[in-house]
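Working notes for the structure below.
The values are calculated or read from the model by the stated rules, or taken from the named source; none is laboratory data. What you are looking at is a predicted structure, and each value in this text was computed from that prediction instead of being measured. Here the Cβ positions follow ideal geometry from the backbone for every residue, glycine too, while neighbour counts run over all protein chains shown. Each accessible area value is taken on the protein alone, full model and side chains, heavy atoms only, with ligands, DNA and RNA left out. Shrake-Rupley method; radii C 1.70, N 1.55, O 1.52, S 1.80 Å.
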Amino acid sequence: MAMEIRHVGVLGSGIMGSGIAECAAEAGFEVTLRSRKQETADQMRVNVEKSLLRKIEKGRISEGGGREILSRIKVTTDIRALSHCDLVIESVVEDLAVKKHLVSEISELVADDAIIATNTSTLPVVEIAAAARHPHRVCGIHFFNPATVMKLVEVVQPITASDEVVRAAVDFAKSCSKDVVTVKDQAGFIVNALLFPYLNNSIKLYERGMGSMEEIDVAMKGGCGFPMGPFALLDLVGLDTSLAILEALYQEFGDPNFSPAPLLKRMVAAGYLGRKTKRGFFDYR
Ligand code: 3HC
(Lines give C-alpha, C1' and ligand atoms only; values in the text may rest on other atoms or scores of the structure.)
Protein backbone atom coordinates (compact mmCIF):
# COMPACT_ATOMS: atom_id res chain seq x y z
CA MET A 1 0.00 0.00 0.00
CA ALA A 2 1.34 3.46 -0.91
CA MET A 3 2.17 5.42 2.19
CA GLU A 4 0.16 8.56 2.76
CA ILE A 5 1.87 11.80 3.65
CA ARG A 6 -0.33 14.42 5.29
CA HIS A 7 1.85 16.26 7.76
CA VAL A 8 5.22 17.61 6.68
CA GLY A 9 7.84 18.91 9.10
CA VAL A 10 10.60 21.26 8.02
CA LEU A 11 13.74 21.77 10.10
CA GLY A 12 15.86 24.85 9.51
CA SER A 13 15.17 28.52 9.19
CA GLY A 14 17.05 29.53 6.05
CA ILE A 15 15.63 30.60 2.69
CA MET A 16 15.33 26.96 1.68
CA GLY A 17 13.32 26.02 4.78
CA SER A 18 10.63 28.64 4.23
CA GLY A 19 10.57 27.95 0.48
CA ILE A 20 10.05 24.21 1.03
CA ALA A 21 7.37 24.91 3.65
CA GLU A 22 5.53 27.17 1.22
CA CYS A 23 5.72 24.58 -1.59
CA ALA A 24 4.33 21.87 0.69
CA ALA A 25 1.56 24.06 2.15
CA GLU A 26 0.53 25.20 -1.33
CA ALA A 27 0.28 21.53 -2.34
CA GLY A 28 -2.20 21.01 0.52
CA PHE A 29 0.03 19.44 3.19
CA GLU A 30 -0.12 20.52 6.82
CA VAL A 31 3.32 21.93 7.63
CA THR A 32 5.16 22.41 10.89
CA LEU A 33 8.27 24.49 10.55
CA ARG A 34 10.85 24.40 13.29
CA SER A 35 13.56 26.94 13.94
CA ARG A 36 15.76 27.03 17.02
CA LYS A 37 14.86 30.65 17.81
CA GLN A 38 11.41 32.22 18.06
CA GLU A 39 12.48 35.33 16.08
CA THR A 40 13.69 33.30 13.11
CA ALA A 41 10.61 31.07 13.29
CA ASP A 42 8.39 34.16 13.16
CA GLN A 43 10.52 35.68 10.40
CA MET A 44 10.01 32.57 8.28
CA ARG A 45 6.26 32.91 8.55
CA VAL A 46 6.60 36.57 7.51
CA ASN A 47 8.70 35.47 4.49
CA VAL A 48 6.03 33.00 3.40
CA GLU A 49 3.34 35.65 3.95
CA LYS A 50 5.23 38.11 1.72
CA SER A 51 5.70 35.52 -0.98
CA LEU A 52 1.99 34.62 -0.89
CA LEU A 53 1.04 38.30 -1.04
CA ARG A 54 3.07 38.62 -4.26
CA LYS A 55 1.17 35.68 -5.72
CA ILE A 56 -2.16 37.28 -4.70
CA GLU A 57 -1.16 40.62 -6.27
CA LYS A 58 -0.22 38.79 -9.48
CA GLY A 59 -3.61 37.03 -9.48
CA ARG A 60 -2.02 33.57 -9.21
CA ILE A 61 -3.99 32.70 -6.09
CA SER A 62 -7.04 34.26 -4.42
CA GLU A 63 -6.86 36.11 -1.11
CA GLY A 64 -8.78 33.28 0.57
CA GLY A 65 -6.47 30.74 -1.03
CA GLY A 66 -3.44 32.59 0.33
CA ARG A 67 -4.95 32.66 3.82
CA GLU A 68 -5.66 28.94 3.63
CA ILE A 69 -2.08 28.13 2.58
CA LEU A 70 -0.70 30.24 5.42
CA SER A 71 -3.07 28.62 7.92
CA ARG A 72 -1.54 25.25 7.04
CA ILE A 73 1.89 26.40 8.26
CA LYS A 74 2.63 26.32 11.98
CA VAL A 75 5.95 27.56 13.29
CA THR A 76 7.61 26.32 16.45
CA THR A 77 10.91 26.21 18.30
CA ASP A 78 10.09 22.83 19.83
CA ILE A 79 11.35 19.87 17.80
CA ARG A 80 8.85 17.59 19.59
CA ALA A 81 6.06 19.43 17.76
CA LEU A 82 7.18 17.50 14.65
CA SER A 83 6.64 14.08 16.20
CA HIS A 84 3.32 13.54 14.36
CA CYS A 85 4.82 14.31 10.91
CA ASP A 86 4.75 11.65 8.19
CA LEU A 87 7.66 13.33 6.40
CA VAL A 88 10.33 15.55 7.94
CA ILE A 89 12.69 17.46 5.65
CA GLU A 90 15.82 18.85 7.24
CA SER A 91 17.20 21.97 5.61
CA VAL A 92 19.77 23.16 8.11
CA VAL A 93 23.35 24.31 7.55
CA GLU A 94 25.45 22.21 5.12
CA ASP A 95 27.44 20.55 7.91
CA LEU A 96 27.50 16.76 8.22
CA ALA A 97 27.85 16.67 12.01
CA VAL A 98 24.93 19.07 12.52
CA LYS A 99 22.70 17.17 10.09
CA LYS A 100 23.55 13.78 11.61
CA HIS A 101 22.81 15.00 15.10
CA LEU A 102 19.47 16.49 14.06
CA VAL A 103 18.39 13.45 12.04
CA SER A 104 19.27 11.19 14.94
CA GLU A 105 17.20 13.38 17.29
CA ILE A 106 14.14 13.62 15.02
CA SER A 107 14.23 9.89 14.24
CA GLU A 108 13.70 9.17 17.94
CA LEU A 109 10.57 11.35 17.92
CA VAL A 110 8.67 10.38 14.76
CA ALA A 111 6.71 7.17 14.08
CA ASP A 112 8.56 4.08 12.80
CA ASP A 113 7.12 4.49 9.30
CA ALA A 114 7.78 8.24 9.00
CA ILE A 115 10.15 9.39 6.28
CA ILE A 116 13.10 11.63 7.04
CA ALA A 117 14.61 13.53 4.14
CA THR A 118 17.64 15.73 3.86
CA ASN A 119 17.82 18.74 1.57
CA THR A 120 21.61 18.46 1.42
CA SER A 121 23.24 19.58 -1.83
CA THR A 122 26.35 17.42 -1.66
CA LEU A 123 26.85 15.59 1.61
CA PRO A 124 26.65 11.77 1.59
CA VAL A 125 23.01 10.97 2.30
CA VAL A 126 24.01 7.50 3.48
CA GLU A 127 26.00 9.00 6.37
CA ILE A 128 23.03 11.11 7.40
CA ALA A 129 20.76 8.04 7.07
CA ALA A 130 23.09 5.93 9.22
CA ALA A 131 22.55 8.36 12.09
CA ALA A 132 18.79 7.68 12.09
CA ARG A 133 16.92 5.07 14.10
CA HIS A 134 15.64 3.49 10.85
CA PRO A 135 18.17 4.25 8.08
CA HIS A 136 15.94 2.68 5.41
CA ARG A 137 13.38 5.46 6.03
CA VAL A 138 15.87 8.22 5.05
CA CYS A 139 16.48 9.70 1.58
CA GLY A 140 17.39 13.02 -0.03
CA ILE A 141 14.82 15.53 -1.32
CA HIS A 142 16.83 18.32 -2.87
CA PHE A 143 15.01 21.54 -3.74
CA PHE A 144 16.64 24.44 -5.61
CA ASN A 145 16.82 28.10 -4.71
CA PRO A 146 14.32 29.82 -4.86
CA ALA A 147 12.32 26.70 -3.96
CA THR A 148 8.94 28.08 -4.95
CA VAL A 149 10.19 29.10 -8.41
CA MET A 150 12.63 26.38 -9.51
CA LYS A 151 10.88 23.45 -11.20
CA LEU A 152 13.29 20.67 -10.23
CA VAL A 153 13.64 18.37 -7.25
CA GLU A 154 16.34 15.69 -7.06
CA VAL A 155 15.28 12.67 -5.01
CA VAL A 156 18.38 10.91 -3.74
CA GLN A 157 18.43 7.18 -3.01
CA PRO A 158 21.25 6.18 -0.67
CA ILE A 159 22.08 2.45 -0.68
CA THR A 160 20.26 2.16 2.65
CA ALA A 161 16.86 3.54 1.52
CA SER A 162 13.91 1.32 0.68
CA ASP A 163 12.24 1.65 -2.72
CA GLU A 164 8.97 2.47 -0.98
CA VAL A 165 10.52 5.50 0.72
CA VAL A 166 11.98 6.75 -2.56
CA ARG A 167 8.63 6.29 -4.33
CA ALA A 168 6.86 8.25 -1.59
CA ALA A 169 9.45 11.04 -1.83
CA VAL A 170 9.00 11.22 -5.61
CA ASP A 171 5.21 11.36 -5.22
CA PHE A 172 5.55 14.09 -2.61
CA ALA A 173 7.77 16.23 -4.87
CA LYS A 174 5.41 15.69 -7.82
CA SER A 175 2.46 16.78 -5.72
CA CYS A 176 4.42 20.00 -5.07
CA SER A 177 4.27 20.42 -8.90
CA LYS A 178 7.98 19.71 -9.35
CA ASP A 179 9.78 17.84 -12.10
CA VAL A 180 11.60 15.01 -10.37
CA VAL A 181 14.79 13.13 -11.15
CA THR A 182 15.92 10.22 -9.00
CA VAL A 183 19.67 10.32 -8.51
CA LYS A 184 22.49 8.30 -7.03
CA ASP A 185 23.96 9.28 -3.70
CA GLN A 186 27.15 10.86 -5.04
CA ALA A 187 28.36 14.35 -4.10
CA GLY A 188 26.57 17.06 -6.09
CA PHE A 189 24.01 14.63 -7.56
CA ILE A 190 23.35 15.85 -11.13
CA VAL A 191 22.84 19.59 -10.91
CA ASN A 192 25.54 20.71 -8.49
CA ALA A 193 28.12 18.31 -9.95
CA LEU A 194 27.72 20.21 -13.23
CA LEU A 195 26.90 23.69 -11.91
CA PHE A 196 29.66 24.14 -9.34
CA PRO A 197 32.73 23.58 -11.57
CA TYR A 198 31.26 26.34 -13.74
CA LEU A 199 30.67 28.71 -10.81
CA ASN A 200 34.10 27.93 -9.32
CA ASN A 201 35.88 28.41 -12.65
CA SER A 202 34.09 31.74 -13.10
CA ILE A 203 35.81 32.99 -9.92
CA LYS A 204 39.15 31.58 -11.10
CA LEU A 205 38.68 33.31 -14.47
CA TYR A 206 38.09 36.59 -12.64
CA GLU A 207 41.20 35.95 -10.49
CA ARG A 208 43.22 35.52 -13.68
CA GLY A 209 42.01 38.95 -14.85
CA MET A 210 39.88 37.74 -17.77
CA GLY A 211 37.16 40.26 -17.01
CA SER A 212 35.29 42.02 -14.22
CA MET A 213 32.56 40.15 -12.37
CA GLU A 214 29.98 42.26 -14.16
CA GLU A 215 31.50 41.39 -17.54
CA ILE A 216 31.62 37.67 -16.78
CA ASP A 217 27.96 37.80 -15.67
CA VAL A 218 26.93 39.70 -18.82
CA ALA A 219 28.88 37.21 -20.96
CA MET A 220 27.23 34.11 -19.51
CA LYS A 221 23.74 35.61 -19.54
CA GLY A 222 24.02 36.84 -23.13
CA GLY A 223 26.18 34.01 -24.45
CA CYS A 224 24.38 31.07 -22.86
CA GLY A 225 20.92 32.41 -22.10
CA PHE A 226 21.32 31.85 -18.36
CA PRO A 227 18.87 33.88 -16.23
CA MET A 228 21.70 35.01 -13.93
CA GLY A 229 25.45 35.30 -14.31
CA PRO A 230 27.72 33.14 -12.09
CA PHE A 231 28.55 35.89 -9.55
CA ALA A 232 24.90 36.87 -9.05
CA LEU A 233 24.02 33.18 -8.68
CA LEU A 234 26.81 32.56 -6.15
CA ASP A 235 25.46 35.48 -4.11
CA LEU A 236 21.96 34.01 -4.30
CA VAL A 237 23.05 30.51 -3.24
CA GLY A 238 25.28 31.92 -0.45
CA LEU A 239 29.07 31.87 -0.50
CA ASP A 240 29.36 29.72 2.63
CA THR A 241 27.02 27.14 1.11
CA SER A 242 28.92 27.31 -2.19
CA LEU A 243 32.23 26.74 -0.41
CA ALA A 244 30.80 23.80 1.54
CA ILE A 245 29.49 22.27 -1.71
CA LEU A 246 32.85 22.65 -3.47
CA GLU A 247 34.74 21.19 -0.51
CA ALA A 248 32.43 18.16 -0.46
CA LEU A 249 32.80 17.70 -4.23
CA TYR A 250 36.58 18.03 -4.03
CA GLN A 251 36.76 15.56 -1.17
CA GLU A 252 34.68 13.03 -3.10
CA PHE A 253 36.28 13.27 -6.55
CA GLY A 254 39.63 15.08 -6.11
CA ASP A 255 39.01 16.92 -9.40
CA PRO A 256 40.84 20.31 -9.53
CA ASN A 257 37.71 21.88 -11.03
CA PHE A 258 36.14 21.44 -7.59
CA SER A 259 39.08 22.87 -5.66
CA PRO A 260 37.58 26.09 -4.21
CA ALA A 261 38.88 29.33 -5.71
CA PRO A 262 41.07 31.21 -3.19
CA LEU A 263 38.87 34.32 -3.41
CA LEU A 264 35.77 32.32 -2.45
CA LYS A 265 37.50 31.09 0.72
CA ARG A 266 38.55 34.62 1.62
CA MET A 267 35.07 36.04 1.02
CA VAL A 268 33.64 33.46 3.43
CA ALA A 269 36.39 34.16 5.98
CA ALA A 270 35.47 37.85 5.82
CA GLY A 271 31.80 37.06 6.43
CA TYR A 272 30.75 38.29 2.97
CA LEU A 273 28.25 35.53 2.29
CA GLY A 274 26.11 36.98 -0.50
CA ARG A 275 22.59 38.37 -0.45
CA LYS A 276 21.86 37.06 3.05
CA THR A 277 24.55 39.29 4.57
CA LYS A 278 23.81 42.04 2.01
CA ARG A 279 27.38 41.76 0.78
CA GLY A 280 28.96 39.16 -1.44
CA PHE A 281 30.58 39.53 -4.84
CA PHE A 282 28.07 42.35 -5.28
CA ASP A 283 26.77 44.86 -2.76
CA TYR A 284 23.09 44.68 -1.72
CA ARG A 285 23.14 47.41 0.94
N1 3HC B 1 11.98 33.93 -3.79
C2 3HC B 1 10.74 33.66 -4.27
N3 3HC B 1 10.35 34.03 -5.52
C4 3HC B 1 11.22 34.70 -6.26
C5 3HC B 1 12.53 35.02 -5.82
C6 3HC B 1 12.89 34.61 -4.52
N7 3HC B 1 14.10 34.84 -4.03
N8 3HC B 1 13.17 35.70 -6.80
C9 3HC B 1 12.30 35.80 -7.82
N10 3HC B 1 11.15 35.19 -7.50
C11 3HC B 1 9.99 35.02 -8.36
C12 3HC B 1 9.36 36.33 -8.71
O13 3HC B 1 8.38 36.72 -7.75
C14 3HC B 1 8.75 35.99 -10.03
O15 3HC B 1 7.54 35.28 -9.81
P16 3HC B 1 6.38 35.24 -10.88
O17 3HC B 1 6.92 34.52 -12.07
O18 3HC B 1 5.32 34.48 -10.16
O19 3HC B 1 6.00 36.63 -11.18
C20 3HC B 1 9.73 35.04 -10.69
O21 3HC B 1 10.46 34.47 -9.61
C22 3HC B 1 10.64 35.74 -11.65
O23 3HC B 1 11.28 36.78 -10.92
P24 3HC B 1 11.71 38.20 -11.48
O25 3HC B 1 10.96 38.49 -12.75
O26 3HC B 1 11.70 39.19 -10.40
O27 3HC B 1 13.22 37.99 -11.73
P28 3HC B 1 13.93 37.05 -12.74
O29 3HC B 1 13.13 36.83 -13.96
O30 3HC B 1 15.29 37.62 -12.82
O31 3HC B 1 13.99 35.66 -11.97
C32 3HC B 1 15.13 34.06 -10.68
C33 3HC B 1 14.67 35.49 -10.74
C34 3HC B 1 13.92 33.13 -10.67
C35 3HC B 1 15.90 33.91 -9.39
C36 3HC B 1 16.00 33.79 -11.96
O37 3HC B 1 16.99 34.77 -12.07
C38 3HC B 1 16.63 32.43 -11.96
O39 3HC B 1 16.00 31.44 -12.32
N40 3HC B 1 17.92 32.38 -11.57
C41 3HC B 1 18.66 31.13 -11.52
C42 3HC B 1 18.44 30.50 -10.18
C43 3HC B 1 19.15 29.20 -10.07
O44 3HC B 1 19.93 28.80 -10.92
N45 3HC B 1 18.90 28.52 -8.97
C46 3HC B 1 19.60 27.28 -8.70
C47 3HC B 1 20.70 27.56 -7.75
S48 3HC B 1 21.59 26.11 -7.32
C49 3HC B 1 20.74 25.45 -6.07
O50 3HC B 1 19.76 25.95 -5.59
C51 3HC B 1 21.29 24.17 -5.54
C52 3HC B 1 21.63 24.30 -4.08
O53 3HC B 1 21.94 23.01 -3.63
C54 3HC B 1 22.79 25.21 -3.84
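The calculated Kirkwood hydrodynamic radius for the range 83-124 is 10.6 Å, given to one decimal from all distinct C-alpha pairs.
Normalised by the empirical 2.2 N^0.38 Å for globular proteins, what value does the Cα Rg of the range 220-268 take? Taking the Cα Rg and dividing by 2.2 N^0.38 Å, one obtains 1.24. Rolling a 1.4 Å probe over the heavy atoms of the protein chains gives the range 7-184 an accessible area of 44 Å² per residue.
Net charge near Gly271, counting Lys/Arg +1 and Asp/Glu -1 over other residues with Cβ under 15 Å of its Cβ?
Numbers: positive: Lys265, Arg266, Arg275, Lys276, Lys278, Arg279, Arg285; negative: Asp235, Asp240, Asp283.
After counting each charged neighbour, the total is +4.
In this simple spin-label model, placing a label point 7 Å from the Cα along the Cα-to-Cβ direction at both Lys37 and Leu194 gives a separation of 3.9 nm. Principal-axis analysis of the Cα atoms of the chain puts helix 239-253 at an angle of about 90° to the longest axis.
Restricting the range 133-237 to trypsin sites (Lys or Arg not before Pro) that sit in a DSSP loop and have at most 10 other Cβ atoms within 10 Å of their own Cβ leaves Lys151, Arg208.
Rounded to the nearest 20 debye, the dipole magnitude of the chain is 740 debye, with +1 charges on Lys and Arg beta carbons, -1 on Asp and Glu beta carbons, and the Cα centre as origin. On a per residue basis, the range 191-277 carries 49 Å² of accessible surface, using protein heavy atoms and a 1.4 Å probe. Subtracting the Cα-Cα distance of Glu57 and Glu105 from 0.36 nm times their residue separation leaves 13.2 nm of extension gain. Sorting Met220, Met150 on solvent-accessible area from highest to lowest, probe radius 1.4 Å, gives Met150, Met220. Need one number: nm distance between label points at Lys174 and Lys151, each 7 Å from Cα along Cα→Cβ, rounded to one decimal. Inter-label distance under the simple model: 1.7 nm. Were the residues from Cys224 through Lys50 laid out at 0.36 nm apart, the gain over their Cα-Cα distance would be 59.4 nm.
Taking max minus min of the alpha-carbon positions on each principal axis, the range 29-142 gives extents of 45, 27, 25 Å, largest first. How big is D, in µm² s⁻¹, for the chain by Stokes-Einstein at 10 °C and 1.306 mPa s if Rh is the Kirkwood radius over C-alpha pairs? Here the translational diffusion coefficient equals 82 µm²/s.
Here the gap between Gln251 and Lys184, fully extended at 0.36 nm per residue and compared with their Cα-Cα distance, gives a gain of 22.4 nm. How tilted is helix 15-26 with respect to the longest principal axis of the chain? Cα atoms for both, answer in degrees (0 to 90, nearest 10). Helix 15-26 sits at roughly 40 degrees to that axis.
Using the alpha carbons alone, the radius of gyration of the range 119-261 stands to its Kirkwood radius in an Rg to Rh ratio of 1.02.
3J(HN,Hα) couplings calculated from phi for the range 81-92 with the Karplus curve 6.51 cos²θ - 1.76 cosθ + 1.60 (θ = phi - 60°) are, in sequence order, 5, 9, 5, 8, 6, 7, 9, 10, 10, 8, 9, 9 Hz; Gly and Pro show x.
Just the protein heavy atoms count here, and of the accessible area of the chain at 1.4 Å, carbon and sulfur take up 53 percent. Residues whose amide H lies under 5 Å from that of Thr182, counting only those 5 or more places away or on a different chain, are Val155; hydrogens are built 1.01 Å from N in the peptide plane.
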